[in-house]
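Below: one structure, written as structure tokens.
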Amino acid sequence: MTASTRLIDGFHLVVEALKANDVATMYGIVGIPVTDLARVAQASGIRYIGFRQEASAGNAAAAAGFLTGRPGVCLTTSGPGFLNGLPALANATANCFPMIQISGSSNRALVDLHRGDYQDIDQLNAARPFVKEAYRIGRVEDIGRGVARAIRTAASGRPGGVYLDIPGAVLGQAMEAAAGAETVWRVVDPAPRQLPAPEAVEHALRMLQQARRPLIVLGKGAAYAQADNVIREFVEASGIPFLPMSMAKGLLPDAHPQSVAAARSLAIARADVVLLVGARLNWLLAHGNSPQWSADAKFVQVDIAPSEFDSNQPIAAPLAGDIGSVMSALRDGVVAHPLTVSAEWTDELAERAAHNDAKMRERLAEDPHPMRFYNALGVIHAVLQENPDAYVVNEGANALDLARNVIGMAVPRHRLDTGTWGVMGIGMGYAIAAAVETGQPVVAIEGDSAFGFSGMEVETICRYRLPVTVVILNNGGVYRGDESPTGTDPAPTVLNAQAHHELIAEAFGGKGYHVTTPAELRSALSAAIGSRTPSVIDCELDPAAGVESGHLASLNPTSAAKPGKVSAGG
Ligand code: ADP
């Protein structure tokens, strides 16, 4: 190598490899040894969004993956920064969102002999149980390969989280620039189509044709697949009632005449043939068990991961393939041989839906003071209907359960929530990614407890001037805030019902609103969305509003010895 040989280092090669694969945004937190990686990325035109806690950066990358269908990238430091990001990477994997966490790591020679290096953790092995795949890049000339491998793995088949470990020493290594350029490549067709076998399609169609009470369940895999038109064509050509899982709401509008969201319990209890499209029969669907489901219901399942079939119930007609390809084959089948769905079944569902809708309207019309969840959510729903492009992020217990039912969605992939794990803390990360990736306004509907997990990211929202409005449904507690203490400290579920969360926005240059009535909420939310200014609305609710564990009370083992019942003898 002569003195005039042009060199390229690991930092620049990582950025070149990401750019070659159209990575336009990186979410992260800088520190040793990755600070220059963020600087080089920004200088080369990748947008770098810096967070206050790595979990939020990771959640943003995961949401970007869900919204775009391309892996979102999160950058963290070594050791604790890596560990902070890991729950988000695990959550992305649980939700089947494509994501890559790139972490710098410490000196292998010191880490592996437990010699006590700075932030020494065996990151590669620590990540493994939580991710789709974990890779480490050991040489500067493997950076292009490592990035390509991470992109391919995250996006293809069932999407998921990939951990990519890059030791600081590799980032600092240099090689001859022309040779380095040859080590970087663009992944061709990162998520290839996977066509279903024609006989599997025929079998599924026969089952649907013979069904007396067929039902389609659309899951977030169907939303992720970006096959909106073909899914709609199949649903409408078949005439089969459909039920959206929460993140599939809007794939077809909630107001669609075939939606049976308002008759959910009846639909699943009575359906005899169920077509699952990108939805797993996990706890969110009662594992397909009776009594929630009919004991002799038969399942047809569309999924890209064949190992998903039979995970809970026998799958009578497995359709392995990507949703776009499978649904177009099914659509062609029903167009060629139309199905008849009995009016008895659709009438039964419509009657129940009308009954439940009437009950809901009654609840929404009540106007108690202090406000309760339904009154606040009714207003939020009305304002969102006037802003159909707005993205909705939603987390909490009651704030999640009730918003899911009250807030109708009309557009695909506009609702992001706690997902497969029902995890808290995704709120601000998801909201930031939705605003960054789409440029549209975002409304995050948060329980006051849920907000606390990522609330400091309001500063991030303000720093980047993102059009995010955070509505905090503040009933002063985890579940609710009116529990009496048994000693001098507050009860375990109690937070501060007098909190003024809106001041957090004002601390960082955003706009804060404190509202106590539906009318105030309506005007604050309309103004906040319209202004596209970072805003926090503290919506003061009755601390007695809300139920313990939300809709999941059955999962909560209750103590036989309730406080006050424990005798001195134990
Ligand atoms: P929900 O929670 O909404 O019911 P899940 O996350 O349980 O949805 O299910 C999503 C399913 O979708 C996963 O089993 C995943 O393998 C599948 N999936 C994701 N993307 C695709 C795709 N492009 N084609 C087919 N199946 C997909």
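The values are calculated or read from the model by the stated rules, or taken from the named source; none is laboratory data. Everything quoted here is computed from the prediction, not taken from an experiment. FYI the Cβ positions are ideal-geometry reconstructions off the backbone, even for glycines, and counts take in every protein chain you see. These accessible areas exclude ligands, DNA and RNA; they are computed on the full protein's heavy atoms, side chains included. Shrake-Rupley method; radii C 1.70, N 1.55, O 1.52, S 1.80 Å.
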Quiz item: Applying the selection to the range 41-69, what residues are closer than 25 Å to I8 by Cβ and in contact with an Asp or Glu (Cβ under 9 Å, 6 or more places away or on another chain)?
Solution: S44
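Here's the yes/no breakdown for (1) among the hydrophobic types (A, V, I, L, M, F, W, C); (2) in contact with a His (Cβ under 9 Å, 6 or more places away or on another chain); (3) modelled with pLDDT of 95 or more:
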position: P412; (1), (2), (3): no, no, yes
position: Q440; (1), (2), (3): no, yes, yes
position: I445; (1), (2), (3): yes, no, yes
position: A450; (1), (2), (3): yes, no, yes
position: P467; (1), (2), (3): no, no, yes
position: R480; (1), (2), (3): no, no, no
Quiz item: Failed condition for P388, given (1) free of Cβ contacts under 8 Å to residues at least 40 places away in the same chain; (2) more than 25 Å from C462 (Cα to Cα); (3) out of contact with any Phe, Trp or Tyr (no Cβ under 8 Å at 6 or more places or on another chain), with all others met?
Solution: (2)
Quiz item: So how many residues does the range 410-421 have that are within 24 Å of R52 (Cα to Cα) and either open to solvent by 30 Å² or more (accessible area, probe 1.4 Å) or hydrophobic (A, V, I, L, M, F, W, C) (or both)?
Solution: 2
Quiz prompt | Conditions (1) in contact (Cβ under 8 Å) with a residue 40 or more places away in the chain; (2) assigned by the TED database to the domain that holds M26; (3) among the hydrophobic types (A, V, I, L, M, F, W, C); (4) surrounded by fewer than 24 Cβ atoms within 10 Å (Cβ to Cβ); number of the one not met by I151 | solution = (4)
Quiz item: Within the range 135-148, is there a residue that is closer than 18 Å to A57 by Cβ, in contact with an Asp or Glu (Cβ under 8 Å, 6 or more places away or on another chain) and away from the ligand (no atom under 16 Å from the Cβ)?
Solution: no
Practice problem: Can you work out which of the residues in the range 263-302 that are under 19 Å from L402 (Cα atoms) and buried (at least 21 other Cβ atoms within 10 Å of the Cβ) is nearest to the ligand (Cβ to nearest atom)? | Solution: L285
Quiz item: Looking only at the range 447-499, which residues are out of contact with any helix residue (DSSP H, G or I) (no Cβ under 6 Å at 6 or more places or on another chain), part of a helix (DSSP H, G or I) and acidic (D, E)?
Solution: D448, E459
Self-check item: Within the range 352-371, tally of residues that are open to solvent by 90 Å² or more (accessible area, probe 1.4 Å) and touching a residue at least 24 places away in the same chain (Cβ under 8 Å)
Solution: 3
Exercise. Determine if the range 128-135 includes at least one residue that is surrounded by 24 or more Cβ atoms within 10 Å (Cβ to Cβ) and under 28 Å from the mean Cα position of the chain (by Cα).
Key: no
Quiz prompt | Condition check for N84: under 30 Å from R280 (Cα atoms) and surrounded by 24 or more Cβ atoms within 10 Å (Cβ to Cβ) | solution = no
Quiz item: If you go through the range 52-72 one residue at a time, do you hit one that is assigned by the TED database to the domain that holds G31, at pLDDT 95 or above, open to solvent by less than 10 Å² (accessible area, probe 1.4 Å) and more than 20 Å from D417 (Cα to Cα)?
Solution: no
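Which of the residues spanning the range 105-125 are without any contact (Cβ under 8 Å) to a residue 24 or more places away in the chain and not in a helix (DSSP H, G or I)?
Step one: filter the range 105-125 for residues without any contact (Cβ under 8 Å) to a residue 24 or more places away in the chain, giving 109-117, 122, 125.
L113, H114, R115, G116, D117, D122 - these are the residues of the range 105-125 that are without any contact (Cβ under 8 Å) to a residue 24 or more places away in the chain and not in a helix (DSSP H, G or I).
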Quiz item: Does L195 satisfy the condition of being within 16 Å of the ligand (Cβ to nearest atom), over 20 Å from A305 (Cβ atoms) and in contact (Cβ under 8 Å) with a residue 40 or more places away in the chain?
Solution: no
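Of all the residues that make up the range 303-341, how many are touching a Ser or Thr at 6+ places or on another chain (Cβ under 6 Å) and either open to solvent by 30 Å² or more (accessible area, probe 1.4 Å) or within 9 Å of the ligand (Cβ to nearest atom) (or both)?
First, pick out the residues of the range 303-341 that are touching a Ser or Thr at 6+ places or on another chain (Cβ under 6 Å): 334, 339.
Add one more test, that the residue is either open to solvent by 30 Å² or more (accessible area, probe 1.4 Å) or within 9 Å of the ligand (Cβ to nearest atom) (or both), and what stays is none.
Looking only at that region, the number is 0.
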Quiz item: If you scan the range 126-145, which residues turn out to be in contact (Cβ under 8 Å) with a residue 40 or more places away in the chain and under 20 Å from G65 (Cα atoms)?
Solution: A127, F130, V131
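Return yes when V23 is assigned by the TED database to the domain that holds L164, in a helix (DSSP H, G or I) and either crowded, with 17+ Cβ neighbours inside 10 Å or at pLDDT below 95 (or both) and no when it is not. I'd like the intermediate steps shown before the answer.
Numbers: assigned by the TED database to the domain that holds L164: yes; in a helix (DSSP H, G or I): no; either crowded, with 17+ Cβ neighbours inside 10 Å or at pLDDT below 95 (or both): yes.
In short, no.
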Quiz item: Do you know which of the residues in the range 434-461 that are of a type in the set (S, T, N, Q) and open to solvent by 10 Å² or more (accessible area, probe 1.4 Å) is farthest from H414 (Cα to Cα)?
Solution: S449
